Amino acid sequence: MSTDASHEVRPAVDPTAGRAPRPAEDTGQRPGHKDGMRRKGLSESNRPLWMLIPGGVLMIIIIVVPLLLGIYMSVLNLDQYTLRKWISAPLIGVENFVEAVTDSPLLHAVWLSVSYSLLAMVVTLPLGIAAAVATQNAFKGRAVIRSIFLIPYVLPSFVVATVWRTMLQPGGIVDEALSTVGIHVGLWLNGPQTFWTLVLVQIWASWPFIYLLALSGLQSVDHEVHEASALDGALWWNKLRYVVFPYLKGPLALAFLIGMLHHINNFTLPFVLFGVPAPTDVEVLPILTYVTSFQSFRFGLSAAMAFISLVLIAIPLFVYLRAVKLDDADTSGAKK
Amino acid sequence: MSATTATRRSAPSAAVDRPGSHRQHEVLRLLPGPLLVIILVFLGALVLIPVLYIFLASVNSDIGVAKGEFWPSTVTLENYSKIWTSVGLATGLTNSVLVAGATAVVSAALSISTAFVLVRYTFRGRLTILRGLLALQSVPGTLMVLPVFVLFSSAATYLGIQVIGTQWGLFVTYLTFAMPFSTWVMVTYLRGLPKEPRRSSPHRRRVPPRGPLPHHPAAELAGHRGLRHLRVPAWLERRAVCLGDDTP
């Protein structure tokens, strides 16, 4: 579902992720090794499992059924003529998938999605880290600065996209400002430059997320570590590079994964920025899937595309699910 | 944060090392002053200029915005009155509040009991459900929206119920995206509550419940010592958590 949601959720992570390397003793508590382990404090008797029913039934009806139907649709020849009676739509097997891969811009879209996500990530990482490092030490007005840094994060995607669309329109404020210093870039919202527009706006919108996670990583650096590096006379760059940054590896790896998931799934931003049909240079996966179903009315083909993007998403998602800590802190030895 | 730990550890030892003292500050310092200022100014401008532009454009005339004016040539508040009449903001707001409110109430009510069982009891498939809740939030929105659309349109064909274009349709669609999210939020919330019934605690009058109300899920990233000390205003933080999804 919505990655924006997963972007907000940021579930409990194995606390080891936020620290420098630790001995492997915690790995026995990994979620994967749960079988046979009795969870302390959780009762086995009188489990009111019926309480799962209301939420469970609703989720099965509104999520699992559509999900399965979506996968089933990908093997149907479903278009605007057969949609009304989709049960009797002709079954065509893998033809949709074959067409999606060989005879549609799908591979191009995959390439665009992945490269745009990576590019945005590569730029937001240093921005987020710099912001976190800069606001780590107390100074007057730090709380205000921290709040300001979070503004792009709390603005809804469609607001961000609308504002940037206004600013980037031909003859708009950005063109105006650039022409005063003698730069004429050309069209932002159409043509080959759209890809870079998308990357730029995505960077603006998503660096505070990296900032948040980097900040939480910085705060796990113990005071003794600062003292030790001060005693050793480490200069600021050496201290950052060899002492502080290793602490950030875990949170930033997580930020990278969630960010990639979020960027690849991001529909709102390109949709509001460019509208549909989008210029081919920003026809990322969600946009292509949307256009195929709701503009070309090839629902079967579109379902096949959505399924392929699910497979693509599954790669970072799998790593992410391995990394998060599903159990609560109380039951494992990890609790401090 | 380290400043607070410093209070605890070094208070008895040396008077010079009080938190806030110059020496302490030097120990904790991560960046040289000038660089700090450069970074803060750069990032602050990066954020604030577009935000300032939002405001300035809102008091500008349409022509002024189209011409690319940053400082409005004619300041007018007309836009703020126009939104109520020309685009019907009130209708949109009412619709949003109705549908979003209904979604919030239903998903919260249903997810509480699910999350309670998931947190307090162990059973076969528990971890699978937890993983599923997380995974569902990353499933491409398009993969969900398509079949939901087909189901709705076939509801009109087979059952004679018009769903597409109604608030009910929007409600069910929102619920599809909200349920896994709210269940997960409840799971992380219930985890923070004490396991034992309160009356079995000998200190029950004195020990306040560990209610993680201003809970920021990101706090758990750093093993429970992370963002709790981050001084983000509470309203901002709540906003950040509640801004669920805006995928179609």
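The values are calculated or read from the model by the stated rules, or taken from the named source; none is laboratory data. The shown structure was predicted, so the numbers you read here are calculated from the model rather than taken from an experiment. Don't worry about glycine lacking a Cβ; one is built from the backbone with ideal geometry, like all the others, and counts go over all protein chains shown. All accessible areas refer to the heavy atoms of the entire protein, side chains included, with ligands and DNA or RNA removed. Shrake-Rupley method; radii C 1.70, N 1.55, O 1.52, S 1.80 Å.
Listing for the model above:
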{"item": "Residues (open to solvent by 70 Å² or more (accessible area, probe 1.4 Å) and either among the hydrophobic types (A, V, I, L, M, F, W, C) or within 10 Å of chain A (Cβ to nearest Cβ) (or both)) located in region B:60-90", "result": "B:63, B:67, B:71, B:75, B:77, B:84, B:87"}
{"item": "Index of the failed condition, residue A:72 passing every other in (1) touching a Phe, Trp or Tyr at 6+ places or on another chain (Cβ under 8 Å); (2) within 14 Å of residue A:300 (Cα to Cα); (3) aromatic (Phe, Trp, Tyr)", "result": "(1)"}
{"item": "Number of the condition not met by residue A:292 [criteria: (1) out of contact with any Phe, Trp or Tyr (no Cβ under 9 Å at 6 or more places or on another chain); (2) farther than 30 Å from residue A:136 by Cβ]", "result": "(1)"}
{"item": "Within region A:56-81, considering residues that are touching a residue at least 12 places away in the same chain (Cβ under 8 Å) and among the small types (Gly, Ala, Ser), the one farthest from the other protein chains (Cβ to nearest Cβ)", "result": "A:74"}
{"item": "Contacts under 9 angstrom Cβ, first residue in region B:91-112 being open to solvent by 40 Å² or more (accessible area, probe 1.4 Å), partner not in a helix (DSSP H, G or I), 6 or more apart", "result": "none"}
{"item": "Residue within region B:146-166 that is surrounded by 15 or more Cβ atoms within 10 Å (Cβ to Cβ) and in contact (Cβ under 8 Å) with a residue 40 or more places away in the chain present", "result": "no"}
{"item": "Enumeration of residues in region B:42-59 that are surrounded by 12 or more Cβ atoms within 10 Å (Cβ to Cβ) and more than 10 Å from chain A (Cβ to nearest Cβ)", "result": "B:52, B:58, B:59"}
{"item": "Residues located in region A:269-280, provided they are open to solvent by 10 Å² or more (accessible area, probe 1.4 Å) and either within 19 Å of residue B:137 (Cβ to Cβ) or modelled with pLDDT of 85 or more (or both)", "result": "A:271, A:272, A:274"}
{"item": "Condition broken by residue A:244, with the remaining ones in (1) out of contact with any Leu (no Cβ under 9 Å at 6 or more places or on another chain); (2) open to solvent by less than 10 Å² (accessible area, probe 1.4 Å); (3) aliphatic (A, V, I, L, M); (4) at pLDDT below 85 satisfied", "result": "(1)"}
{"item": "Identity of the residue in region A:216-238, more than 7 Å from chain B (Cβ to nearest Cβ) and assigned to a helix (DSSP H, G or I), that ends up surrounded by the fewest Cβ atoms within 10 Å (Cβ to Cβ)", "result": "A:231"}
{"item": "Counted residues, region A:120-145 - those being touching a residue at least 40 places away in the same chain (Cβ under 8 Å) and in a helix (DSSP H, G or I)", "result": "11"}
